[in-house]
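A short write-up of the structure that comes next.
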Amino acid sequence: MVWGGISNFGKTSLYFVEESLNGKKYRELLLEHRQEIKEIFARRRWWFQQDSAPCHRANVTKQHIERNLTKRILPHPAQSPDLNPIELIWANMKVFVERRRPNNKTELKDAVKMAWRNINIKFIRKCIEGLKGKMEKVIKNNGNVL
């Protein structure tokens with residue numbers, strides 16, 4: 001598993017999760033990357049978005065984010081990866097990695113790192129800016145599958 005963050009202003013470094021990611025480990029990960037996350041947003045108004053994985057939705061995790069990163073947490077509907085811009089980034093990276101055909105864990109990690117480096121700010125912004133239109137379609141369709 002890999003963790004990374006994006007914004008209109010940049011991206012974090014990647015973190016390879018070697019163990020099971022429970023709430024405690026996730027909160028530690030966020031603290032470890034706190035400065036990097038804050039630098040990307042550089043005092044701009046921003047919203048923290050994550051999916052509804054169990055380690056993300058725990059109240060203690062939400063409180064941790066509010067205390068250490070931002071009070072603005074964007075609610076995210078369950079099983080809606082198309083409403084999370086980073087999922088488009090992961091999908092793009094997956095295609096890149098699969099083309100490399102890694103044969104072992106080291107090659108896989110190297111391919112993932114290279115894919116992340118190749119994600120440019122223009123593509124990140126396109127993924128983020130497309131979110132508003134997708135949300136409008138979901139609302140227009142009363143939350144039903146599009």
Revision key, fill the gap. With a 32 Å threshold on alpha-carbon distance, the violating pairs from K71/K105; K25/K94; K105/K137; K38/K134; K11/K62 are K71/K105; K105/K137
Practice item. Apply the Kirkwood formula to the chain: the hydrodynamic radius equals the inverse of the mean of 1/r over all pairs of different alpha-carbon atoms; give it in Å with one decimal. Key: 16.5
**Study point:** Rounded to whole Å, sorted largest first: equivalent-ellipsoid semi-axes of the range 103-146, Cα gyration tensor
**Key:** 34, 15, 4
Exercise for review: Only helical DSSP H runs with n ≥ 4 go in: add -39500 (n - 2.57) per run for the chain, normalise by residue count and round the 222 nm mean residue ellipticity to 500 deg cm²/dmol.
Suggested key: -17500 deg cm²/dmol
Exercise for review: Please work out the C-alpha center-to-center distance from the range 91-146 to the range 61-83 and express it in whole Å.
Suggested key: 19
**Study point:** Local electrostatic count at G133 - Lys and Arg +1, Asp and Glu -1, tallied over other residues with Cβ under 13 Å
**Key:** +2
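Rule-based calculations on the coordinates, nothing more; no lab input. These figures come from a predicted structure and were not determined experimentally. For neighbour counting, all protein chains shown are included, and Cβ atoms are generated from backbone atoms with ideal geometry for every residue, glycine included.
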